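The values are calculated or read from the model by the stated rules, or taken from the named source; none is laboratory data. What you see is a predicted model; the values in this text were computed from it and never measured. Don't worry about glycine lacking a Cβ; one is built from the backbone with ideal geometry, like all the others, and counts go over all protein chains shown.
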Amino acid sequence: MPRRSLTEDEDPLSKLIAPPPNESPAEREQRISEEKKAKEISDGIDEELNAQRLAEKKENKISVLLLGASTFAGKSTTLKNFQLINSPKAFKAERGSWRTIVQLNIARSIRIIFDAMTTAQQQYSGLSPVSPISEDRSPSPLEFEQELPMLTAEHLKLKMRLSPLLQVEESLWRRLSPSTATATQQVSVTNVPPPSSNLKKEIYVQSATPWKSAFSRFLSSSNRESVDSDDGIDFDDPQDPGVILNNCAEDMIKLWHDPTIKALLQALRIRLEDTPGFFLDELDRVTALKYVPSDDDILKARLKTMGVSEHRFVLKTGNMMSRDWRVFDVGGARSLRAAWAPFFDACDAIIFLAPLSCFDQSLVEDPSVNRLEDSILLWRAIVSNQLLQTTELILFLNKCDILKAKLESGIRFSKWVISYGDRPNTFEGTSRYMKKKFATIFKQHSTTPRTFYCHFTSVTDTHSTFTILENGTQNLAYKAPIDNWLVQ
């Protein structure tokens, strides 16, 4: 049946804006006057918005968006490097807060070992532990039917002596909660099922929340005479968790270096040394009573952030004048990616972080999706996005140090990246292959010609990352004045 077209009389919009029936000349004059005033107001708002948009483009500022598909992509660490470029002493006033985060990371690592020990105990007691979903495991199910190393009475004594660390973790978590932190299920590091729900937690803070103030308030409530004037650390505070960590240091070192524990972690495919916030190889130093975090420690420290945050810096690049920089850090989880789009229109550059080390891991949101594959798909979406065709894209193929360590340990890259075939299982071969893959996507899906910027990075390597970011900021600062001139 042919569709009947609407006549003007039947058009709902025409009916809506049509003058009232039986309108008098005076009413008509008043209506026209009101419509004219409304249009003037509307035009004024449009003009103001356009002027504001144009002024923002002409401002002496550069906007950078940090993007990455993975929870452990390295965005927060890259942001810390921006802070160091802005000011070499950027962390000086924050060392007290970051010292607490390092302590939290240590306690969390020990808890993960405890959970692995509990799994072994359950196996030998006849219980069948259930395999949880983890970001650090492969898409294939983890088999717990394998025989795990037998723990001795000495191992259980060590675990008992170190149990105060669980209270340390809970205490540190409470300092951040309830107003500045939320506990979530700890599924991002370990394959081990949780022995108890109230201990299986990782803290995250909302990116926009000044979480450091939670610790600074705690520090400021201590005896101010004993507080270090530079770092804000009260080493004489009786509630300082560092005292417990120092007392437990010898047992923690013994536990971490125990051959049976090493074999247990390997059997469960837990590689703590590959995770952010790993300090177990430096326990002598970081558990010292007078320990103050270095810049490298702060870069390594892990505190999960959620949401979008904006950070402003004033950077002087080369012999050019100082520029205002706005760096946006956004979450990489699939549920948070819808929040990216509003930032695309105003950003001058995107730093996209793709961790190569996650080639043998799956997404926590969808265990059937490989994390490296997810980065590739997201890179393709960013490159082909029409809003970003004039935006500079800078690719960080990140976590190269962890990739190299995994390959040297015997993990086969081609087992997870089938297309790699029988090429050499070396860092040089795999990294070159992945760079070519990302470059091909960039070339095929960019609708306008632009330069492909790609760097192999380990963002906890302060010196190399600092150099890369410094060179990148100089290039962007040089390009931005040209773009600003074009919109004038």
Next item on the list: Quickly run through segment 257-305 and pick out the residues that are closer than 24 Å to residue 243 by Cα and among the charged types (D, E, K, R).
Entry: 258, 281, 282, 284, 285, 290, 295, 296, 297, 300, 302
Notebook entry, point to check: Is it true that some residue in segment 418-439 is of a type in the set (A, V, I, L, M, F, W, C) and in a loop (DSSP other than H, G, I, E, B)?
Noted result: no
Checklist line | Residue ID - surrounded by the fewest Cβ atoms within 10 Å (Cβ to Cβ), chosen from residues in segment 252-266 that are touching a Pro at 6+ places or on another chain (Cβ under 6 Å) and among the aliphatic types (A, V, I, L, M) | finding: 263
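Yes or no, residue by residue, for (1) modelled with pLDDT of 65 or more; (2) out of contact with any Gly (no Cβ under 9 Å at 6 or more places or on another chain); (3) among the aliphatic types (A, V, I, L, M):
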{"site": "422", "(1), (2), (3)": "yes, yes, no"}
{"site": "456", "(1), (2), (3)": "yes, yes, no"}
{"site": "463", "(1), (2), (3)": "yes, yes, no"}
{"site": "472", "(1), (2), (3)": "yes, yes, no"}
{"site": "476", "(1), (2), (3)": "yes, yes, yes"}
{"site": "480", "(1), (2), (3)": "no, yes, yes"}
Check: Considering 281, 324, 329, which residue is in contact with a helix residue (DSSP H, G or I) (Cβ under 9 Å, 6 or more places away or on another chain), assigned by TED's automatic domain parsing to the domain that holds residue 346 and modelled with pLDDT of 75 or more?
Finding: 329
Checklist line | Residue count, segment 267-299 (criterion: polar (S, T, N, Q), out of contact with any Cys (no Cβ under 9 Å at 6 or more places or on another chain) and surrounded by 21 or more Cβ atoms within 10 Å (Cβ to Cβ)) | finding: 0
Next item on the list: Could you grab me the full set of residues in segment 280-294 that are touching a residue at least 40 places away in the same chain (Cβ under 8 Å) and in a loop (DSSP other than H, G, I, E, B)?
Entry: 287, 288, 289, 290, 291, 292, 293
Notebook entry, point to check: Going by the conditions given, is residue 165 at pLDDT 85 or above, assigned to a helix (DSSP H, G or I) and not aromatic (Phe, Trp, Tyr)?
Noted result: yes
